[in-house]
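Asks: Provided herewith is a single structure, encoded as C-alpha coordinates, for subsequent inquiry.
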There are 2 protein chains.
Amino acid sequence: MTDPRTSIIEERMKNINKIIAVSSGKGGVGKSLISSTLALTLSKKGFKVGLFDLDFASPSTHIILGIEDVRPKEGKGIIPPEVHGMRYMSIVYYSRDLAVPFRGFDVSNALIELLSITRWGKLDYLILDMPPGIGDVTLDLIRLIKNTQFLIVTTPSKLAFETVKKLVSLLENMKTRLIGIVENMKMDSSNEIRREAEKLNLKFLTGIPYDSQVEHAMGDAQKLLKTTFARKVKQIASEM
Amino acid sequence: MTDPRTSIIEERMKNINKIIAVSSGKGGVGKSLISSTLALTLSKKGFKVGLFDLDFASPSTHIILGIEDVRPKEGKGIIPPEVHGMRYMSIVYYSRDLAVPFRGFDVSNALIELLSITRWGKLDYLILDMPPGIGDVTLDLIRLIKNTQFLIVTTPSKLAFETVKKLVSLLENMKTRLIGIVENMKMDSSNEIRREAEKLNLKFLTGIPYDSQVEHAMGDAQKLLKTTFARKVKQIASEM
(Lines give C-alpha, C1' and ligand atoms only; values in the text may rest on other atoms or scores of the structure.)
Protein backbone atom coordinates (compact mmCIF):
# COMPACT_ATOMS: atom_id res chain seq x y z
CA MET A 1 0.00 0.00 0.00
CA THR A 2 1.24 3.48 -0.75
CA ASP A 3 1.79 5.83 2.17
CA PRO A 4 -0.90 8.53 1.71
CA ARG A 5 1.65 11.10 2.82
CA THR A 6 3.61 10.74 -0.43
CA SER A 7 0.88 12.42 -2.44
CA ILE A 8 0.63 15.15 0.21
CA ILE A 9 4.36 15.78 -0.27
CA GLU A 10 3.84 16.38 -4.01
CA GLU A 11 1.09 18.86 -3.12
CA ARG A 12 3.36 20.64 -0.59
CA MET A 13 6.20 20.96 -3.11
CA LYS A 14 4.21 22.11 -6.12
CA ASN A 15 4.77 25.83 -5.50
CA ILE A 16 8.52 25.47 -5.21
CA ASN A 17 10.34 26.36 -8.39
CA LYS A 18 13.72 24.68 -7.78
CA ILE A 19 14.70 22.09 -5.19
CA ILE A 20 18.45 21.82 -4.72
CA ALA A 21 19.97 19.08 -2.57
CA VAL A 22 23.51 19.87 -1.41
CA SER A 23 25.30 16.57 -1.01
CA SER A 24 28.78 15.12 -0.47
CA GLY A 25 30.47 11.74 -0.43
CA LYS A 26 31.75 12.23 3.11
CA GLY A 27 31.31 14.66 5.96
CA GLY A 28 33.46 17.65 6.83
CA VAL A 29 33.85 19.03 3.32
CA GLY A 30 31.81 22.17 4.01
CA LYS A 31 28.46 20.97 2.72
CA SER A 32 26.43 22.69 5.47
CA LEU A 33 28.43 25.90 5.10
CA ILE A 34 27.77 25.95 1.37
CA SER A 35 24.05 25.16 1.82
CA SER A 36 23.65 27.91 4.39
CA THR A 37 25.62 30.50 2.43
CA LEU A 38 23.90 29.60 -0.83
CA ALA A 39 20.49 30.03 0.79
CA LEU A 40 21.50 33.35 2.36
CA THR A 41 22.92 34.60 -0.94
CA LEU A 42 19.86 33.71 -3.01
CA SER A 43 17.68 35.32 -0.37
CA LYS A 44 19.77 38.56 -0.45
CA LYS A 45 19.27 38.62 -4.22
CA GLY A 46 15.54 38.93 -3.62
CA PHE A 47 14.44 35.34 -4.21
CA LYS A 48 12.04 33.55 -1.89
CA VAL A 49 14.21 30.89 -0.30
CA GLY A 50 13.75 27.97 2.08
CA LEU A 51 16.57 26.09 3.82
CA PHE A 52 15.91 22.62 5.24
CA ASP A 53 18.57 20.85 7.31
CA LEU A 54 18.13 17.12 6.76
CA ASP A 55 21.45 16.00 8.22
CA PHE A 56 19.91 13.74 10.87
CA ALA A 57 23.15 12.45 12.36
CA SER A 58 24.82 15.84 12.80
CA PRO A 59 22.67 18.87 11.92
CA SER A 60 24.73 22.05 11.93
CA THR A 61 23.16 24.84 9.84
CA HIS A 62 21.56 26.29 13.01
CA ILE A 63 25.06 26.66 14.50
CA ILE A 64 26.46 28.24 11.31
CA LEU A 65 23.59 30.72 11.06
CA GLY A 66 23.33 31.36 14.81
CA ILE A 67 19.69 30.33 14.97
CA GLU A 68 18.36 30.07 18.51
CA ASP A 69 15.02 30.46 20.20
CA VAL A 70 12.93 30.27 17.06
CA ARG A 71 10.50 27.44 16.54
CA PRO A 72 8.19 26.54 13.69
CA LYS A 73 4.54 27.46 14.21
CA GLU A 74 2.14 24.58 14.38
CA GLY A 75 -1.31 24.95 12.85
CA LYS A 76 -2.56 23.17 9.78
CA GLY A 77 0.85 21.63 9.28
CA ILE A 78 4.04 23.41 10.28
CA ILE A 79 5.13 26.86 9.18
CA PRO A 80 8.92 27.34 9.10
CA PRO A 81 10.12 30.45 10.95
CA GLU A 82 11.61 33.38 9.00
CA VAL A 83 15.33 33.64 9.75
CA HIS A 84 17.69 36.05 7.97
CA GLY A 85 14.97 36.68 5.38
CA MET A 86 14.44 33.04 4.49
CA ARG A 87 12.27 30.17 5.72
CA TYR A 88 14.19 27.76 7.89
CA MET A 89 13.50 24.21 8.98
CA SER A 90 15.78 21.74 10.67
CA ILE A 91 15.53 18.27 12.01
CA VAL A 92 17.16 19.76 15.10
CA TYR A 93 13.80 21.24 16.15
CA TYR A 94 12.59 17.70 16.67
CA SER A 95 15.71 15.93 17.90
CA ARG A 96 17.49 18.51 20.05
CA ASP A 97 15.96 17.48 23.34
CA LEU A 98 15.69 13.76 22.72
CA ALA A 99 17.85 11.49 24.88
CA VAL A 100 17.85 8.81 22.20
CA PRO A 101 18.30 9.86 18.56
CA PHE A 102 16.40 8.64 15.52
CA ARG A 103 17.00 5.09 14.30
CA GLY A 104 17.03 4.15 10.61
CA PHE A 105 13.35 3.37 10.35
CA ASP A 106 12.49 6.51 12.31
CA VAL A 107 14.69 8.61 10.03
CA SER A 108 12.70 7.49 6.99
CA ASN A 109 9.48 8.04 8.83
CA ALA A 110 10.52 11.42 10.24
CA LEU A 111 11.63 12.59 6.79
CA ILE A 112 8.29 11.66 5.22
CA GLU A 113 6.43 13.22 8.15
CA LEU A 114 8.41 16.49 8.00
CA LEU A 115 8.10 16.78 4.22
CA SER A 116 4.37 16.19 4.39
CA ILE A 117 3.56 18.61 7.22
CA THR A 118 5.89 21.52 6.38
CA ARG A 119 4.11 24.37 4.60
CA TRP A 120 6.79 26.18 2.62
CA GLY A 121 4.28 28.07 0.51
CA LYS A 122 5.61 29.68 -2.67
CA LEU A 123 9.40 29.51 -3.03
CA ASP A 124 11.88 30.21 -5.79
CA TYR A 125 14.44 27.89 -4.18
CA LEU A 126 14.38 25.21 -1.53
CA ILE A 127 17.92 24.28 -0.44
CA LEU A 128 18.27 20.90 1.28
CA ASP A 129 21.32 20.23 3.43
CA MET A 130 21.67 16.46 2.99
CA PRO A 131 23.47 13.95 5.22
CA PRO A 132 26.92 13.03 3.85
CA GLY A 133 27.35 9.83 1.87
CA ILE A 134 24.67 7.49 0.71
CA GLY A 135 21.90 6.66 3.12
CA ASP A 136 18.19 6.50 3.75
CA VAL A 137 17.53 10.23 3.47
CA THR A 138 19.11 10.44 0.01
CA LEU A 139 17.29 7.34 -1.24
CA ASP A 140 13.94 8.48 0.18
CA LEU A 141 14.31 11.98 -1.14
CA ILE A 142 14.95 10.83 -4.70
CA ARG A 143 11.88 8.63 -4.48
CA LEU A 144 9.64 11.28 -2.91
CA ILE A 145 10.65 14.46 -4.74
CA LYS A 146 11.31 13.62 -8.36
CA ASN A 147 12.60 16.99 -9.53
CA THR A 148 15.35 17.41 -6.93
CA GLN A 149 18.64 18.59 -8.43
CA PHE A 150 21.93 17.69 -6.75
CA LEU A 151 24.86 19.99 -6.08
CA ILE A 152 27.94 17.99 -5.03
CA VAL A 153 30.61 19.29 -2.66
CA THR A 154 34.13 17.88 -2.28
CA THR A 155 37.54 18.97 -1.02
CA PRO A 156 40.80 18.46 -2.93
CA SER A 157 41.53 15.35 -0.83
CA LYS A 158 41.67 12.02 -2.60
CA LEU A 159 39.61 10.54 0.21
CA ALA A 160 36.74 12.99 -0.30
CA PHE A 161 36.74 12.59 -4.06
CA GLU A 162 36.77 8.77 -3.94
CA THR A 163 33.54 8.90 -1.92
CA VAL A 164 32.08 11.40 -4.44
CA LYS A 165 32.59 8.88 -7.25
CA LYS A 166 30.40 6.38 -5.44
CA LEU A 167 27.69 8.98 -4.74
CA VAL A 168 27.66 10.23 -8.34
CA SER A 169 27.39 6.69 -9.67
CA LEU A 170 24.37 6.07 -7.42
CA LEU A 171 22.70 9.36 -8.39
CA GLU A 172 23.22 8.63 -12.07
CA ASN A 173 21.78 5.13 -11.72
CA MET A 174 18.74 6.73 -10.15
CA LYS A 175 18.41 9.24 -13.02
CA THR A 176 18.67 12.32 -10.84
CA ARG A 177 19.83 15.65 -12.24
CA LEU A 178 23.32 16.73 -11.19
CA ILE A 179 24.00 20.48 -11.28
CA GLY A 180 27.76 20.10 -10.83
CA ILE A 181 30.54 19.94 -8.28
CA VAL A 182 32.18 22.53 -6.03
CA GLU A 183 35.74 22.01 -4.79
CA ASN A 184 35.91 23.51 -1.30
CA MET A 185 38.96 24.27 0.90
CA LYS A 186 41.40 24.46 -2.01
CA MET A 187 44.95 24.81 -0.71
CA ASP A 188 46.68 25.32 -4.07
CA SER A 189 45.91 25.83 -7.77
CA SER A 190 45.83 22.13 -8.74
CA ASN A 191 43.37 21.18 -11.50
CA GLU A 192 43.16 17.57 -10.36
CA ILE A 193 39.53 17.68 -9.14
CA ARG A 194 38.40 19.59 -12.24
CA ARG A 195 39.94 16.87 -14.43
CA GLU A 196 38.47 14.07 -12.32
CA ALA A 197 35.03 15.71 -12.40
CA GLU A 198 35.17 15.99 -16.18
CA LYS A 199 35.92 12.26 -16.37
CA LEU A 200 32.63 11.72 -14.54
CA ASN A 201 30.82 14.14 -16.91
CA LEU A 202 30.21 16.34 -13.91
CA LYS A 203 30.25 20.11 -14.41
CA PHE A 204 33.02 21.75 -12.37
CA LEU A 205 31.36 24.86 -10.92
CA THR A 206 34.14 26.50 -8.94
CA GLY A 207 37.03 26.02 -6.54
CA ILE A 208 36.77 27.80 -3.19
CA PRO A 209 40.08 28.54 -1.43
CA TYR A 210 40.42 27.71 2.27
CA ASP A 211 39.23 30.82 4.13
CA SER A 212 40.19 31.20 7.79
CA GLN A 213 37.65 34.04 8.20
CA VAL A 214 34.82 31.50 8.07
CA GLU A 215 35.57 30.07 11.52
CA HIS A 216 35.30 33.56 13.03
CA ALA A 217 31.98 34.12 11.26
CA MET A 218 30.44 31.00 12.78
CA GLY A 219 27.00 31.83 14.18
CA ASP A 220 26.95 35.26 12.50
CA ALA A 221 25.18 35.26 9.13
CA GLN A 222 26.05 38.89 8.29
CA LYS A 223 29.76 38.31 8.96
CA LEU A 224 29.62 35.07 6.95
CA LEU A 225 28.22 36.94 3.93
CA LYS A 226 31.27 39.25 3.96
CA THR A 227 33.87 36.47 3.67
CA THR A 228 35.82 35.51 0.53
CA PHE A 229 34.12 32.14 0.89
CA ALA A 230 30.69 33.79 0.48
CA ARG A 231 31.85 35.73 -2.59
CA LYS A 232 32.72 32.43 -4.25
CA VAL A 233 29.37 30.91 -3.27
CA LYS A 234 27.70 33.93 -4.88
CA GLN A 235 29.26 32.86 -8.19
CA ILE A 236 27.65 29.45 -7.84
CA ALA A 237 24.30 31.04 -6.99
CA SER A 238 24.31 32.88 -10.31
CA GLU A 239 24.41 29.50 -12.09
CA MET A 240 21.38 28.07 -10.30
CA MET B 1 12.55 -12.75 21.24
CA THR B 2 16.28 -12.19 21.43
CA ASP B 3 18.29 -12.46 18.22
CA PRO B 4 20.42 -15.62 18.77
CA ARG B 5 23.28 -13.82 17.05
CA THR B 6 23.76 -11.49 20.02
CA SER B 7 25.10 -14.32 22.19
CA ILE B 8 27.35 -15.43 19.32
CA ILE B 9 28.78 -11.90 19.21
CA GLU B 10 29.77 -12.15 22.89
CA GLU B 11 31.48 -15.44 22.12
CA ARG B 12 33.33 -13.92 19.13
CA MET B 13 34.57 -10.96 21.19
CA LYS B 14 35.69 -12.82 24.31
CA ASN B 15 39.32 -13.18 23.21
CA ILE B 16 39.71 -9.49 22.43
CA ASN B 17 41.39 -7.59 25.22
CA LYS B 18 40.38 -4.00 24.34
CA ILE B 19 37.72 -2.75 21.94
CA ILE B 20 38.18 0.90 20.99
CA ALA B 21 35.54 2.75 18.97
CA VAL B 22 36.89 5.87 17.24
CA SER B 23 33.99 8.30 16.97
CA SER B 24 33.24 11.94 16.11
CA GLY B 25 30.32 14.32 16.24
CA LYS B 26 30.56 15.05 12.50
CA GLY B 27 32.43 13.76 9.49
CA GLY B 28 35.66 15.07 8.01
CA VAL B 29 37.56 15.54 11.25
CA GLY B 30 40.08 12.79 10.51
CA LYS B 31 38.41 9.94 12.39
CA SER B 32 39.27 7.30 9.77
CA LEU B 33 42.84 8.54 9.49
CA ILE B 34 43.27 8.33 13.25
CA SER B 35 41.67 4.84 13.42
CA SER B 36 43.90 3.56 10.64
CA THR B 37 47.09 5.10 12.01
CA LEU B 38 46.29 4.00 15.56
CA ALA B 39 45.78 0.41 14.39
CA LEU B 40 49.01 0.47 12.33
CA THR B 41 50.97 1.94 15.25
CA LEU B 42 49.74 -0.60 17.80
CA SER B 43 50.50 -3.36 15.32
CA LYS B 44 54.08 -2.06 14.76
CA LYS B 45 54.56 -2.14 18.55
CA GLY B 46 53.98 -5.88 18.42
CA PHE B 47 50.36 -6.06 19.54
CA LYS B 48 47.81 -8.25 17.80
CA VAL B 49 45.45 -5.74 16.23
CA GLY B 50 42.20 -5.78 14.28
CA LEU B 51 40.73 -2.83 12.37
CA PHE B 52 37.05 -2.84 11.46
CA ASP B 53 35.60 -0.10 9.24
CA LEU B 54 31.97 0.37 10.26
CA ASP B 55 31.36 3.68 8.48
CA PHE B 56 28.49 2.38 6.34
CA ALA B 57 27.72 5.66 4.57
CA SER B 58 31.29 6.48 3.53
CA PRO B 59 33.89 3.80 4.34
CA SER B 60 37.41 5.08 3.72
CA THR B 61 40.07 3.16 5.69
CA HIS B 62 40.70 0.94 2.63
CA ILE B 63 41.59 4.08 0.63
CA ILE B 64 43.84 5.44 3.41
CA LEU B 65 45.69 2.12 3.77
CA GLY B 66 45.74 1.30 0.05
CA ILE B 67 43.94 -2.00 0.50
CA GLU B 68 42.93 -3.62 -2.77
CA ASP B 69 42.38 -7.12 -4.02
CA VAL B 70 42.21 -8.77 -0.63
CA ARG B 71 39.01 -10.42 0.53
CA PRO B 72 38.08 -12.15 3.76
CA LYS B 73 38.13 -15.95 3.65
CA GLU B 74 34.81 -17.64 4.14
CA GLY B 75 34.66 -20.89 6.05
CA LYS B 76 33.11 -21.37 9.46
CA GLY B 77 32.39 -17.66 9.66
CA ILE B 78 34.64 -15.09 8.03
CA ILE B 79 38.36 -14.68 8.60
CA PRO B 80 39.63 -11.12 8.08
CA PRO B 81 42.64 -10.86 5.76
CA GLU B 82 46.05 -9.85 7.16
CA VAL B 83 46.97 -6.39 5.87
CA HIS B 84 50.04 -4.45 7.03
CA GLY B 85 50.45 -6.94 9.91
CA MET B 86 46.93 -6.52 11.24
CA ARG B 87 43.53 -8.13 10.63
CA TYR B 88 41.30 -5.96 8.51
CA MET B 89 37.57 -5.95 7.93
CA SER B 90 35.41 -3.38 6.23
CA ILE B 91 31.81 -3.00 5.32
CA VAL B 92 33.17 -2.10 1.89
CA TYR B 93 33.75 -5.81 1.15
CA TYR B 94 30.01 -6.23 1.20
CA SER B 95 28.78 -2.95 -0.24
CA ARG B 96 31.37 -2.04 -2.90
CA ASP B 97 29.58 -3.68 -5.79
CA LEU B 98 26.01 -3.03 -4.73
CA ALA B 99 23.99 -0.69 -6.90
CA VAL B 100 21.74 0.21 -3.99
CA PRO B 101 23.33 0.86 -0.60
CA PHE B 102 22.20 -0.38 2.79
CA ARG B 103 19.07 1.12 4.30
CA GLY B 104 18.66 1.78 8.04
CA PHE B 105 17.18 -1.60 8.88
CA ASP B 106 19.77 -3.35 6.73
CA VAL B 107 22.57 -1.43 8.43
CA SER B 108 21.47 -2.77 11.82
CA ASN B 109 21.10 -6.23 10.40
CA ALA B 110 24.40 -6.13 8.49
CA LEU B 111 26.22 -4.92 11.61
CA ILE B 112 24.85 -7.79 13.72
CA GLU B 113 25.58 -10.25 10.92
CA LEU B 114 29.16 -9.05 10.43
CA LEU B 115 29.90 -8.99 14.17
CA SER B 116 28.53 -12.50 14.59
CA ILE B 117 30.32 -14.13 11.65
CA THR B 118 33.74 -12.43 11.83
CA ARG B 119 36.37 -14.60 13.52
CA TRP B 120 38.96 -12.18 14.89
CA GLY B 121 40.57 -14.80 17.09
CA LYS B 122 42.85 -13.53 19.89
CA LEU B 123 43.50 -9.79 19.73
CA ASP B 124 45.08 -7.22 22.03
CA TYR B 125 43.15 -4.41 20.35
CA LEU B 126 40.17 -4.14 18.03
CA ILE B 127 39.85 -0.64 16.57
CA LEU B 128 36.41 0.27 15.21
CA ASP B 129 36.11 3.13 12.73
CA MET B 130 32.60 4.35 13.55
CA PRO B 131 30.22 6.41 11.39
CA PRO B 132 30.24 10.10 12.36
CA GLY B 133 27.50 11.46 14.59
CA ILE B 134 24.82 9.53 16.37
CA GLY B 135 23.13 6.76 14.46
CA ASP B 136 22.13 3.13 14.38
CA VAL B 137 25.64 1.68 14.33
CA THR B 138 26.64 3.55 17.49
CA LEU B 139 23.43 2.62 19.30
CA ASP B 140 23.64 -1.03 18.26
CA LEU B 141 27.29 -1.33 19.10
CA ILE B 142 26.80 -0.04 22.65
CA ARG B 143 23.99 -2.55 23.12
CA LEU B 144 25.88 -5.48 21.58
CA ILE B 145 29.43 -5.02 22.89
CA LYS B 146 29.23 -3.78 26.45
CA ASN B 147 32.93 -3.15 27.08
CA THR B 148 33.55 -0.87 24.07
CA GLN B 149 35.59 2.22 24.97
CA PHE B 150 35.18 5.42 22.96
CA LEU B 151 37.92 7.66 21.64
CA ILE B 152 36.48 10.97 20.41
CA VAL B 153 37.97 13.00 17.55
CA THR B 154 37.29 16.69 16.87
CA THR B 155 38.88 19.60 15.02
CA PRO B 156 39.34 23.10 16.50
CA SER B 157 36.17 24.25 14.69
CA LYS B 158 33.22 25.33 16.79
CA LEU B 159 30.96 23.35 14.47
CA ALA B 160 32.81 20.08 15.08
CA PHE B 161 32.93 20.60 18.83
CA GLU B 162 29.23 21.46 19.13
CA THR B 163 28.41 18.08 17.58
CA VAL B 164 30.88 16.39 19.98
CA LYS B 165 28.93 17.76 22.95
CA LYS B 166 25.79 15.99 21.78
CA LEU B 167 27.65 12.71 21.15
CA VAL B 168 29.36 12.81 24.57
CA SER B 169 26.06 13.47 26.31
CA LEU B 170 24.52 10.45 24.57
CA LEU B 171 27.49 8.20 25.38
CA GLU B 172 27.41 9.27 29.03
CA ASN B 173 23.68 8.61 29.26
CA MET B 174 24.37 5.14 27.96
CA LYS B 175 27.12 4.60 30.56
CA THR B 176 29.86 3.91 28.03
CA ARG B 177 33.52 4.43 28.87
CA LEU B 178 35.15 7.46 27.25
CA ILE B 179 38.94 7.29 26.82
CA GLY B 180 39.28 10.96 25.91
CA ILE B 181 39.35 13.42 23.04
CA VAL B 182 41.91 14.18 20.31
CA GLU B 183 41.97 17.60 18.65
CA ASN B 184 42.97 17.05 15.03
CA MET B 185 44.03 19.59 12.35
CA LYS B 186 45.13 22.22 14.87
CA MET B 187 46.04 25.43 13.05
CA ASP B 188 47.37 27.36 16.08
CA SER B 189 48.21 26.90 19.76
CA SER B 190 44.76 27.76 21.14
CA ASN B 191 43.69 25.90 24.30
CA GLU B 192 39.98 26.38 23.60
CA ILE B 193 39.17 22.71 22.88
CA ARG B 194 41.22 21.53 25.88
CA ARG B 195 39.19 23.87 28.12
CA GLU B 196 35.88 22.86 26.55
CA ALA B 197 36.77 19.16 26.93
CA GLU B 198 37.60 19.65 30.60
CA LYS B 199 34.17 21.24 31.12
CA LEU B 200 32.68 17.97 29.83
CA ASN B 201 34.98 15.93 32.14
CA LEU B 202 36.58 14.52 29.01
CA LYS B 203 40.31 13.77 29.10
CA PHE B 204 42.20 15.86 26.51
CA LEU B 205 44.66 13.39 24.97
CA THR B 206 46.54 15.50 22.47
CA GLY B 207 46.36 18.16 19.76
CA ILE B 208 47.57 17.12 16.29
CA PRO B 209 48.73 19.96 14.01
CA TYR B 210 47.50 20.07 10.42
CA ASP B 211 50.01 18.02 8.41
CA SER B 212 50.07 18.46 4.63
CA GLN B 213 52.23 15.30 4.28
CA VAL B 214 49.20 13.16 5.07
CA GLU B 215 47.49 13.83 1.72
CA HIS B 216 50.61 12.61 -0.10
CA ALA B 217 50.70 9.46 2.04
CA MET B 218 47.15 8.51 1.08
CA GLY B 219 47.05 4.85 0.08
CA ASP B 220 50.59 4.20 1.37
CA ALA B 221 50.67 2.86 4.95
CA GLN B 222 54.48 2.98 5.27
CA LYS B 223 54.61 6.63 4.16
CA LEU B 224 51.72 7.45 6.51
CA LEU B 225 53.65 6.01 9.48
CA LYS B 226 56.52 8.44 8.77
CA THR B 227 54.40 11.62 9.01
CA THR B 228 54.31 14.06 11.92
CA PHE B 229 50.65 13.13 12.17
CA ALA B 230 51.59 9.48 12.86
CA ARG B 231 54.13 10.51 15.50
CA LYS B 232 51.34 12.28 17.39
CA VAL B 233 49.04 9.26 17.05
CA LYS B 234 51.85 7.14 18.55
CA GLN B 235 51.59 9.27 21.70
CA ILE B 236 47.90 8.45 21.95
CA ALA B 237 48.62 4.74 21.40
CA SER B 238 50.87 4.70 24.46
CA GLU B 239 47.87 5.76 26.56
CA MET B 240 45.58 2.95 25.39
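The values are calculated or read from the model by the stated rules, or taken from the named source; none is laboratory data. Since the model is a prediction, treat every value here as computed from it, not as a measurement. Note that each Cβ is placed from the backbone with ideal geometry, even for glycine, and that neighbours are counted across all protein chains shown. Just the protein is used for accessible areas: all its heavy atoms, side chains included, with ligands, DNA and RNA removed. Shrake-Rupley method; radii C 1.70, N 1.55, O 1.52, S 1.80 Å.
Asks: In nm, to one decimal, how far is the A:Asn17 label point from the A:Lys44 one, both placed 7 Å along Cα→Cβ?
Replies: 1.9
Asks: Sort shortest first the distances from B:Leu200 to its counterpart in every other copy, using label points 7 Å along the Cα-to-beta-carbon line, and give them in nm.
Replies: 3.1
Asks: Would you work out which of A:Tyr94, A:Met130, B:Met187 lies farthest towards the positive end of the dipole of the protein assembly as shown, given +1 charges on the beta-carbon of Lys and Arg and -1 on that of Asp and Glu, about the Cα centre?
Replies: After comparing all options, I get B:Met187.
Asks: What is the magnitude of the charge dipole of chain A about its Cα centre, with +1 placed on the Cβ of each Lys and Arg, -1 on the Cβ of each Asp and Glu, and no other charges, expressed in debye to the nearest 20?
Replies: Working: 34 positive and 27 negative charges, 153 e Å.
Around 740 debye, computed over chain A.
Asks: At 7 Å along Cα-to-Cβ for each site, give me the label-to-label distance between A:Arg231 and B:Ser190 in nm.
Replies: It works out to 2.3 nm between the two label points.
Asks: Moving to a separate point now. Can you work out the FRET efficiency for the pair A:Lys199 and B:Tyr94, with r the C-beta to C-beta distance and R0 = 30 Å, to the nearest 0.05?
Replies: Details: r = 27 Å, r/R0 = 0.89.
According to the calculation, E is roughly 0.65.
Asks: Going Cα to Cα from A:Lys48, which aspartates and glutamates come in below 13 Å? Please leave out same-chain ones fewer than 8 positions away.
Replies: Qualifying aspartates and glutamates at Cα under 13 Å: A:Glu82, A:Asp124.
Asks: Of the DSSP beta bridges with both residues in segment B:32-93, give the percent that are antiparallel, rounding to the nearest 5.
Replies: On the way: 5 of 9 bridges.
Given both bridge residues lie in segment B:32-93, the antiparallel proportion sits at roughly 55 percent.
Asks: What does the copy distance list look like for A:Ser7, label position 7 Å along Cα→Cβ, in nm and ordered from shortest?
Replies: Label point to label point, same position, other copies: 4.9 nm.
Asks: Can you tell me which lysines have their Cα less than 18 Å from the Cα of A:Lys203? Leave out same-chain residues fewer than eight positions away.
Replies: Leaving aside lysines fewer than 8 places away in the same chain, those within reach of A:Lys203 are A:Lys31, A:Lys165, A:Lys166, A:Lys175, A:Lys186, A:Lys232, A:Lys234.
Asks: Next question, about the same structure. Could you give the size of the charge dipole of segment B:33-92 about its Cα centre, using +1 on the Cβ of each K and R and -1 on the Cβ of each D and E, expressed in debye and rounded to the nearest 20?
Replies: Charge dipole, segment B:33-92, about its Cα centre: 340 debye, nearest 20.
Asks: For chain B, divide the Cα radius of gyration by the Kirkwood radius and give the resulting Rg/Rh value with two decimals. Present the calculation step by step, with values, prior to reporting the outcome.
Replies: On the way: Rg = 17.0 Å, Rh = 18.1 Å.
Ratio of gyration radius to Kirkwood radius: 0.94.
Asks: Still on this model: With the cut-off at 1.5 for a/c, could you classify segment B:101-234 from its C-alpha gyration tensor as rounded, prolate or oblate? Before the final figure, lay out each step's value.
Replies: Values: a/c = 1.89, a/b = 1.27, b/c = 1.49.
Oblate.
Asks: Using the Cβ atoms and a cut-off under 9 Å, what net charge is assigned to the surroundings of B:Asn147, where Lys and Arg are +1 and Asp and Glu are -1?
Replies: Working: positive: B:Lys18, B:Lys146, B:Arg177; negative: none.
Around B:Asn147, the charge tally is +3.
Asks: While we're on this one: At B:Glu82, label 7 Å along Cα→Cβ: distances to the other copies, nm, ascending?
Replies: Output for B:Glu82: 6.9 nm, nearest copy listed first.
Asks: With a 1.4 Å probe, what is the total accessible area buried between chains B and A, in Å² rounded to the nearest 100? Intermediate results must be reported in sequence, preceding the final value.
Replies: On the way: alone 11810 and 11810 Å², together 20670 Å².
In total, this chain pair buries about 3000 Å².
Asks: Could you size up the charge dipole of the protein assembly as shown around its Cα centre, putting +1 on the beta carbon of Lys and Arg and -1 on that of Asp and Glu, and report it in debye to the nearest 20? Write down the numbers at each step before the final one.
Replies: Details: 68 positive and 54 negative charges, 58 e Å.
Computed about the Cα centre, the dipole is about 280 debye.
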